[in-house]
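Q: One structure, pasted below without further comment.
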């Protein structure tokens, strides 16, 4: 197929069948692919970090829940022991 050169742009040609402009500069295309891949990797890193932060928040909430439960059970256990001693001494 015969392509038509675009005036003033050595790296561009026009396809007469579709009237589309085609960039024939391979290094520009490779730079575009490189930039696209870099942005994709950065986006994936951000998604992974957001997921990690969400998981850490869930873990911290679970730890807080377990600590509160442990404290409450310890308090009730100590209170019960105190009451038992008090009642034993009183009788």
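The values are calculated or read from the model by the stated rules, or taken from the named source; none is laboratory data. None of these values were measured; they are calculated from a predicted model. Backbone-built Cβ (ideal geometry, glycine too); neighbour counts: all protein chains shown.
Q: Suppose we filter 66, 70 for residues that are surrounded by 10 or more Cβ atoms within 10 Å (Cβ to Cβ) and at pLDDT 90 or above; which single one remains?
A: That would be 66, the only listed residue that is surrounded by 10 or more Cβ atoms within 10 Å (Cβ to Cβ) and at pLDDT 90 or above.
Q: Another question, then. For the stretch 1-32, which residues satisfy the criterion of being loosely packed, with under 10 Cβ neighbours inside 10 Å and in a helix (DSSP H, G or I)?
A: If the condition is that a residue be loosely packed, with under 10 Cβ neighbours inside 10 Å and in a helix (DSSP H, G or I), then 26, 27 are the ones that fit.
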